[in-house]
C-alpha cells in the first residue's frame, strides 16, 4: 500500500522520465526503485531530491560507503522501513562486508542505548564540549 | 539540571571509581565526562555500559572515526543533546576535519528528508531489497 | 497483524457500537475504519478518543483541511504508518489537491532536514524567540 | 525560554485558576508546576489535559507508581526534557526507590537497543504474535 | 552551547555573508538568526538550505502561515527545541492568532496520542486507504 | 522482508545454536522468535544482546510484568512494529490482563500527548525537579 501511485515508466510524465534516465545513467543500472516512482507525480520535488542525493552522496571528504552507513544509521533511528531496506542494499552494493554490517548494527544499538540513558538522566553538557565561543 | 546527582570522584563509590580509573586509562586523559558521573550511582549499570562502549568502539572492520560519525548520526536523530555534544567532540578528537563534519551534516540532513518522504508516501519496499530468503 | 482483535459490528459490545453509530452519523458514511475497531475492546478509551477527535478536528480558528495537514505532518514524523494512510485519505476527502499534497510533502521534508541540522549543530535559541517574560 | 508565557496565579484567568485549585486539592500541595502554567493561556486545553491526567493516572488495574514508570519511559523515548524531569520527580514522590530507578533505566536502555536492532534488521513479525483473528 | 561556532557578520566568509544579505532582503529585516550563523562555516550547505527554505516556504497552493503551522508540527514531533522556538515565532510573525496557536497545539497533542495508540495496537491499514493501484 | 537472513536451527552456526538452546531453557519453550534468528548471523552480537536481556528482565526491584509494560511503552514510542508485537505477547504471557493492557495504552497515549505539548510550549523545567546538587 502507498498514499500515492507508484508510477511505471509509461505513466510518468516527461520531466519524471528525464530524472529516471539520469538515475539510470548515474547508477549504471536499469533499476529505478519505488521511492523515485512514488515521487514521480510531483516532478519538481522528484528532481530536487534526486539532485541533492546525487550531490551529497558523491565521493568527497567521506567515502561513499561511509555515507551509506551514516544513511542506514539515520534511517534506522527514524524507523523508516523503506529506507533501511534500500540503504542497507546500497551499502552492500558499495562493498559493505558482513563484518562491517555487524559493527554498524552494534554501534547503532549502543548509541540508541546511551542516548536513552543520557536523556533519562538529563545529563548536563560538559563545558569542555562547547564550541560556541571558539568562532 | 539532571534527574540524578552528578558524582565527583569522592562521592562515587569504590566500584564506580574503578570504572572511572579504567575510562582514564583507556582514553589516556584525566577527564571523566558527566555521562559516567551520572551513571555512577548505579555501579552495575555504569560498568555494563562502559564495557560495551569499550568493546564496540574499538578498532575493527570499521575504523573508530567512522564509528563516531555513525554515533553522531544516531544521537542527532534521537535528539539527544548531550550525546550530540559529546560524540561530535569525540569525532574531532579522533581526527574529524571540518570538511568531514560538513559532509556528515549533509548526509544526516538528506537522510532525514528522504526518510520523511518515504514515510509520508508509504513507499512499498522493492522485492530486490529483500534478504529473508537468502539464508 | 495486530496486538488486539479488530472487532466487527457484531463482536463489539453495546458501548462500542454506540460510538460506531456516532462515528457513522458524524462522518455521514457507513465506513468505520480499523483504528476504532481495534479500540473497541476498551469502550471507555474508544469513547474518550473519539470525543476528543470530534471536538478538536471540528471547524474553528483553523479550517478542517489545515488540521488534517497538521495531522499528516505529525503522523509522518512519528512514523505511524496507519495514521499516515488514514489522515492522507481524510485530507483528500476534505479537498486536498495534488498540488497541496506536494507542498505538504515539501514542507515536511524541509522541516525534517532543518530539524536534524539544528539538532546536530545544537544551535542556541535566539533571545528574540523567547515569550516567557511576556506574560 | 518558552514559546508562551508561564502564568502566575494572578495572571491566569478564572477558568485556569479553577484548574490550578483542583490540581492543588488533588495533589495535596500548593505547588503548581510550569506545565500547567504554560497551558493556562488556553483554559479549555488546560482543563481537558488535566481531566485526562487525573483520570488516567488514578489507581486502577495498574498502580500509580507503575503508571509513572511507564510515563518516564515514554517521555525518555520521546526526548521530552521537561517530562523526564517532572515524571521522574513524580515517581520518586510515589515511592520509587533508587534500585527501582536503576532497573527502569536498564529496561529503557535495553529496549532502545533492541528496538534499533529489530528495525535495522527489519525482522518479520512471527505469526505467533498475531491477535487479529482472535476477535 | 553549540557544536560549531555561531558566526557574526565579520567572522563569516564572503559566501556566507552573501546568503545573510539575501536572508535580510527576503525577510525585510536586519535580523539573521543563529541557525544560519551556525551553518555559516559551511557556505555550500548554508546556501543549499537557504535556497530550499526560500522556495518551499513561498506562497503556493498552501499559504505561508499554513506552511509554518506544518513546520511547527514537524519540529515539535522531532523534539527540536530550536526549531519549535523559531517557527512558532515565524508563525506569529505571519499572523497566527492565539486561538490558532491553541488549535495547532490541540491537533498536535491529539495526533501524538492517536499515533501512539495505532502503533501500540498495530492496526492494519484499511484497504480503502490504498492508492498504489490507482496510478 | 528483512535486511538479513532469518536463520533456522540448521543454518545457524554452533555459537548461535548454543544461544538458541539457552533461550529455550530459560523460557521453557521450544519457540525461538525471529529477532534471535535475524541476529544469528552475528553470534557475538546475538550472545551479547541475549545475555543483557536475560539479566535485565529477570525479577528484581521491579517485577517482570512491570518490566514488560515499560518495554512495550518504549517500543511503541520508538515505533518498532516487531517489538510492540513481541513484547505485548510477552506481557500477556507474564499475566497482563485486558484491563492492565487498556491502562497501559491509556498512559502511553496520555504521555505522548503531554510530551508533545511540553515540547511545543518549551516549558522551562521547574527548579524543584532538579537533583544535580543533591549528590
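Laboratory data are not the source of any read-out in this text; all were calculated from the coordinates shown. As the structure is a prediction and not an experimental result, all values here were calculated from the model. With ideal geometry, Cβ positions are generated from the backbone for all residues, glycine too; neighbour counts draw on all protein chains shown.
Just to confirm the number: angle between the C-alpha axis of helix A:14-27 and the first principal axis of chain A, 0 to 90 degrees, nearest 10? Around 60 degrees separate the two axes.
When the Cα centres of the range C:57-80 and the range A:73-90 are compared, how far apart do they sit, in Å? Going from one Cα centre to the other spans 26 Å. Based on alpha-carbon centroids, what's the gap between the range D:102-122 and the range C:9-52 in Å, whole number please? Distance between centres, Cα-based: 34 Å. Please compute the contact order of the range A:11-135 in relative form: average sequence separation of alpha-carbon pairs under 8 Å and at least six residues apart, divided by the residue count, as a percent. The value is 16 percent. Test of understanding: in a Gaussian network model of chain A with alpha carbons linked when under 10 Å, which of A:48, A:14, A:118 would top the mean-square fluctuation ranking? It is A:118. If a/c stays under 1.5 just call it rounded; otherwise compare a/b with b/c (prolate if a/b is bigger, oblate if not). Do that for the protein assembly as shown, with a ≥ b ≥ c from the square roots of the Cα gyration tensor eigenvalues. Here the protein assembly as shown falls in the rounded category.
Mean partner shielding of peptide C:92-100, defined as the number of other chain Cβ atoms within 10 Å of each residue Cβ, is 2. With kT/(6 pi eta Rh) evaluated at 10 °C and eta = 1.306 mPa s, and Rh the Kirkwood radius from Cα pairs, the range C:59-122 diffuses with a coefficient of 128 µm²/s according to Stokes-Einstein.
Across peptide C:62-70, the mean count of Cβ atoms from other chains lying within 10 Å of each residue's own Cβ comes to 6. Short-range pairs are left out: with C-alpha atoms under 8 Å and at least six residues apart, the relative contact order of the range C:1-56 is 42 percent. Summed over qualifying helices (DSSP H, 4 residues or more, each -39500 (n - 2.57)) and divided by its residue number, the protein assembly as shown shows a 222 nm mean residue ellipticity of -20500 deg cm²/dmol.
Peptides B:18-28, A:90-100, ordered by how many other C-beta atoms sit within 10 Å of their residues on average, highest first, read A:90-100, B:18-28.
Relative to the longest principal axis of the Cα atoms of chain F, helix F:64-77 runs at roughly 80 degrees. Ordered by the count of other Cβ atoms within 10 Å of each Cβ, fewest first, C:53, D:4 give C:53, D:4. Residue of chain F with the Cβ closest to the rotation axis carrying F onto C, and that distance rounded to whole Å: F:79, 2.
With contacts taken as Cα pairs under 8 Å at a separation of at least 6 residues, the range B:59-122 carries a relative contact order of 32 percent. The other copies place their residue A:60 label points at 2.3, 2.8, 4.3, 4.3, 5.0 nm from this one, listed shortest first, where each point is 7 Å from Cα along Cα→Cβ. Shielding value for E:33-42 is 6, the average number of Cβ atoms from other chains within 10 Å of each residue's Cβ.
Once the Cα atoms are used to define both axes, helix A:81-93 deviates from the longest principal axis of chain A by about 90 degrees.
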